[in-house]
Amino acid sequence: MLNTSTIRGTFKQIPYWKLRGRFHSCGFRDQEVAEYIGIGRDTMSGRMQGHNPWTSTEITAMCELLGIRQNEIGEYFFPRVEEGESA
């Protein structure tokens, strides 16, 4: 499990930083995940930067690939933006 208290710097400012951490902890790069869920590199980049919303099909495929349980979906795909941060 990702220990968020040890994260420093700008990584935590990325809207889907926790999701990217899950990719890496499972041994995947962004491009590999994008290929698995059937989207291109540019589309993946836009999703990870919060410019475009995830589709339910993409979320379902990523949960399957990364072992994300149903009760964890919100924390990975619908992150809360804390005061002073931008999404």
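The values are calculated or read from the model by the stated rules, or taken from the named source; none is laboratory data. Being a predicted model, the structure only gives us computed values, none of them experimental. No Cβ is skipped: glycine too gets one built from the backbone with ideal geometry, and neighbour counts run over all protein chains shown.
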Requested in this report: Report yes if Lys12 is at pLDDT below 90 and either part of a helix (DSSP H, G or I) or touching a Gly at 6+ places or on another chain (Cβ under 7 Å) (or both), otherwise no.
Outcome: yes
Report task. Could you please find all residues in the stretch 27-81 being more than 12 Å from Tyr16 (Cα to Cα) and basic (Lys, Arg)? Result -> Arg29, Arg41, Arg69
Query raised in the report: Pick from the stretch 13-42 the residues that are touching a residue at least 12 places away in the same chain (Cβ under 8 Å) and small (Gly, Ala, Ser): which of them is nearest to Pro53 (Cα to Cα)?
Result: Gly38
Query raised in the report: Taking into account only those residues within the stretch 15-42 that are among the basic types (Lys, Arg) and over 14 Å from Cys63 (Cβ atoms), which is nearest to the chain's Cα centre (by Cα)?
Result: Arg20
